[in-house]
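Presented below is the structure to which this report refers.
Each value in this text was obtained by applying a stated rule to the coordinates, not by laboratory testing. If you're wondering where the values come from, they're calculated on a predicted model, not measured in any experiment. A quick note on method: Cβ atoms are made from the backbone with ideal geometry, for glycine too, and the neighbour counts reach across all protein chains shown.
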């Protein structure tokens, strides 16, 4: 059986097409299911305090709608991944930590703040999914008193005298979340360690990240009950990915503690850097950990969804194993954000009008997450076009899923030869998912 789903600029929603009897214009997609690449872990978004706070400002029926839209395995995006910040980030209501000032021994450690909005939202999402969500956790900054600038914002560095306490802080966090039955499957060392931001941030050079991993955080994790938690480095943009990673992973002691590399989409679409890292370190895993549309909310814009798909196709074709979007939900301003760094999200809730808006990015992600299941593998495929972008997967049950993007102004027709020939119309500025179910190729 053949299924074709499409979202286009003129029909900005997700819909199923039934007619594939179009004239053959010569674009041929060839697929080799025997040539496999990376295994896919899944898709998800971030349970920031901003997302969870906005969620609990909604009436109950709209909260259920949002949860089903993301986590329902039949009608929604089927998310199985998530991300949380270790205490505050810019998409928190304000700076906060889990300990009192100057508590080097962490005796006052408490995640009470997260129990108000973030963890309850995770639990509700798991009820909809009927399964655990695999959560990635990232710190944006140590407490101010642990830093060279005595400020959670504006960069600064972790002071040597607090490296032991800060590495212990991660374990306290893991223990506290475990006690709340939230599964943290992975940690990153630091969110965006090369950026001095006006919000929660902390600078690590590649050498400093390497040394913190091999001398503090890596050994502590390995010797703890959380030795199976995956440790990711970098958690920043693709532009200088290769040189940053090499400094850490060329050190044998640091390398042994690193499961993989997290990265973001800002600044650069140098997808080839992912393959360079994979070729250098094929045992390491690549995970997209953050991306969003900047500068406020962009309702009714198709280019935002196109950006998602272009990045997802580029990343998956270069060994990415999973995609975690940024905020699951924001308000009509693109917040709350404690420094006014407003952004877009796939779902926006207008508090005054009590309306849920689904952006093109929501439908764009769905072209992948609805059909590419955890355990799927990317497989080899080729399309004789420089205009049309695509990526192909094989699900554990043998179904083949092809995601196709046409950012041009012209209609194209793609032919796929299975037991019979099928031609698919790919509209201008469109996103398509084609599923070959039980078809011999």
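Pairs of alpha-carbon atoms within less than 8 angstrom and 6+ residues apart define the contacts here; what relative contact order does the stretch 176-247 have, in percent? All intermediate terms of the calculation are to be shown ahead of the outcome.
Working: 75 pairs, mean separation 28.2, N = 72.
The value is 39 percent.
List the relative contact order of the stretch 286-441 as a percent without decimals, with contacts defined as Cα pairs under 8 Å and 6+ residues apart. Show your work: numbers first, answer last.
On the way: 290 pairs, mean separation 30.3, N = 156.
Rounded, it is 19 percent for the stretch 286-441.
Give me the three principal axis extents of the stretch 293-441 from the C-alpha atoms, as integers in angstrom, largest value leading.
Principal extents (Cα only, largest first): 55, 35, 27 Å.
Please report 383, 286 as a ranked list, fewest other C-beta atoms within 10 angstrom at the top and most at the bottom.
Numbers: 383 20, 286 26.
Fewest-to-most Cβ neighbours within 10 Å comes out as 383, 286.
Can you check what the Kirkwood hydrodynamic radius comes to for the stretch 53-101, Cα pairs only, in Å to one decimal?
Numbers: mean 1/r = 0.0762 Å⁻¹.
Radius from the Kirkwood sum: 13.1 Å.
Rounding to the nearest 10 and keeping the result within 0 to 90°, find how far the Cα-based axis of helix 302-316 lies from the longest principal axis of the chain.
With both axes taken from Cα atoms, the answer is about 80 degrees.
Helix 118-129: angle to the longest alpha-carbon principal axis of the chain, degrees 0 to 90, nearest 10?
Long axis of 118-129 versus the principal axis of the chain: about 30 degrees.
So for the chain, averaging the separation of alpha carbon pairs under 8 Å that are six or more residues apart and normalising by length, what relative contact order in percent results? Don't skip to the answer; put the middle values down first.
Numbers: 1024 pairs, mean separation 103.0, N = 441.
Reported relative contact order: 23 percent.
Starting from the Cα gyration tensor of the chain, multiply each eigenvalue by 5, take the square root, and state the resulting semi-axes largest first in whole Å.
Working: eigenvalues 285, 123, 69 Å².
Value: 38, 25, 19 Å, ordered largest first.
Can you pull the three principal axis extents for the Cα set of the stretch 180-262, in Å, largest first?
33, 32, 19
For the residues 388, 431, 31, 365, what sequence is obtained by ranking on other C-beta atoms within 10 Å, fewest first? Walk me through the numbers on the way to the answer.
Working: 388 18, 431 32, 31 21, 365 24.
In order of increasing Cβ crowding within 10 Å: 388, 31, 365, 431.
For a quick protection proxy, order the peptides 393-406, 222-235 by their average other-Cβ count within 10 Å, most packed first.
Working: 393-406: 20.0, 222-235: 17.2.
In descending order of packing, they fall as 393-406, 222-235.
Based solely on its DSSP helices, what 222 nm [θ] is calculated for the chain when runs of n ≥ 4 H residues each add -39,500 (n - 2.57) and the sum is averaged over all residues, nearest 500 deg cm²/dmol?
Details: 11 runs with 107 residues, N = 441.
Using -39500 (n - 2.57) per qualifying helix, the result is -7000 deg cm²/dmol.
Could you state the number of Å between the C-alpha centres of the stretch 156-199 and the stretch 256-289?
Each part reduced to its Cα centre gives a spacing of 20 Å.
Mean 1/r over all different Cα pairs, inverted: what Kirkwood radius does the stretch 342-429 give, in Å? Working shown, then result.
On the way: mean 1/r = 0.0642 Å⁻¹.
Hydrodynamic radius (Kirkwood, Cα pairs) of the stretch 342-429 is 15.6 Å.
In vacuum, with every alpha carbon of the stretch 61-178 counted as one equal point scatterer, what does the Debye formula give for log10 I(q)/I(0) at q = 0.12, 0.14, 0.17, 0.23 Å⁻¹? Two decimals, please.
Evaluating at q = 0.12, 0.14, 0.17, 0.23 Å⁻¹ gives log10 I(q)/I(0) of -0.51, -0.66, -0.86, -1.29.
For helix 360-369, report the angle its Cα long axis makes with the longest principal axis of the Cα atoms of the chain; keep it between 0 and 90° and round to the nearest 10°.
80 degrees
Give the separation of the Cα centroids, the stretch 94-122 to the stretch 313-346, in Å.
If you average the Cα positions of each part, the centres end up 24 Å apart.
Taking the Cβ of each residue in 259, 326 as the centre, tally the other Cβ atoms inside 10 Å and list the residues starting with the fewest.
Values: 259 17, 326 22.
With the sparsest Cβ surroundings first, the list reads 259, 326.
Just for the chain, what percent of DSSP beta bridges are antiparallel, to the closest 5? Could you put the intermediate results ahead of the total?
On the way: 45 of 81 bridges.
Once the DSSP bridges in the chain are tallied, antiparallel ones form about 55 percent.
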